[in-house]
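Notes to accompany the following structure.
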Amino acid sequence: MMKIHDHELTDRQIEILSFIYDYQTDYGFVPSIREICEATGIRSTSAVSYQINRLVRLGYINKVGEVSRGMILMAPAYDVIGKQVPNECDFSMLRAELLALRSENRRIREQYEARVKNLEHERNQLSQMLSMLKYRVIEQLEGVFEEEIAS
C-alpha cells in the first residue's frame with residue numbers, strides 16, 4: 001500500500017488510476033467500468049464501481065454527474081501514479097467528452113420520448129374507456145327515468 005495525503009491506497013486502486021490515465025491519454029476520454037474490469041482483471045463491475053467510489057471519496061477522482069464515462073483524475077491521482085498534472089486544456093479530450101455527453105443526452109431524450117408516447121397512448125385508452133363508461137351510465141339512468149315515468 002502507498003500512503004499519500006493521509007490515505008492509504010491499495011495496489012489495485014493505484015492500478016485503476018494508472019489505467020484511467022493511460023486510457024485517457026491514448027483515446028482522449030476515460031474508460032468504461034467494463035474496460036477497467038478487463039484491464040485490471042477484476043471480474044465484477046460492482047467491485048470496480050466500489051473502488052471508483054472509494055477513490056472519489058478520497059479525492060483522487062471526481063465524477064461528472066451520472067454520465068457513464070464522467071470521471072476526472074484529480075491532482076493527487078497524478079501524484080500517486082507519478083505523472084504531471086496537465087496545465088493546459090486538452091481539446092481532443094474535451095471534444096471526446098463532449099461527444100460522450102451528446103450521446104448520453106441523445107439516449108436519455110429517446111427514452112424520454114418513448115415514455116411520453118407510451119403515456120399518451122395510455123391516456124387515450126383511459127379516455128376512451130371513460131367515455132364508454134359515461135355512455136353506459138347515461139343509458140342506465142335513462143332506463144330508470146323511463147321506468148319512473150311509466151309507473
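Here, each number is a calculation from the coordinates, and none is a lab measurement. Owing to the predicted nature of the structure, the values given are computational and were not obtained by experimental measurement. Here the Cβ positions follow ideal geometry from the backbone for every residue, glycine too, while neighbour counts run over all protein chains shown.
Values computed for the structure shown
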| read-out | value |
| --- | --- |
| Relative contact order of the chain, pairs being alpha-carbon contacts under 8 Å that are 6 or more residues apart, as % | 17 percent |
| Neighbourhood charge, 13 Å Cβ-Cβ cut-off, centred on PHE19 and excluding it, Lys, Arg +1 and Asp, Glu -1 | -3 |
| Proportion of all alpha-carbon pairs of the range 2-87 beyond 17 Å (%) | 41 percent |
| Neighbourhood charge, 14 Å Cβ-Cβ cut-off, centred on SER131 and excluding it, Lys, Arg +1 and Asp, Glu -1 | +2 |
| Longest DSSP-loop-exposure-free segment, GluC sites (Glu not before Pro), the chain, at most 12 other Cβ within 10 Å | 1-65 |
| Environment charge at ARG34 (Cβ cut-off 15 Å; Lys +1, Arg +1, Asp -1, Glu -1) | 0 |
| Partners for LYS83 among aspartates and glutamates (Cα-Cα distance below 13 Å; same-chain residues under 8 apart left out) | ASP22 |
| Global form of the chain, assessed from the alpha-carbon gyration tensor, a/c cut-off 1.5 | prolate |
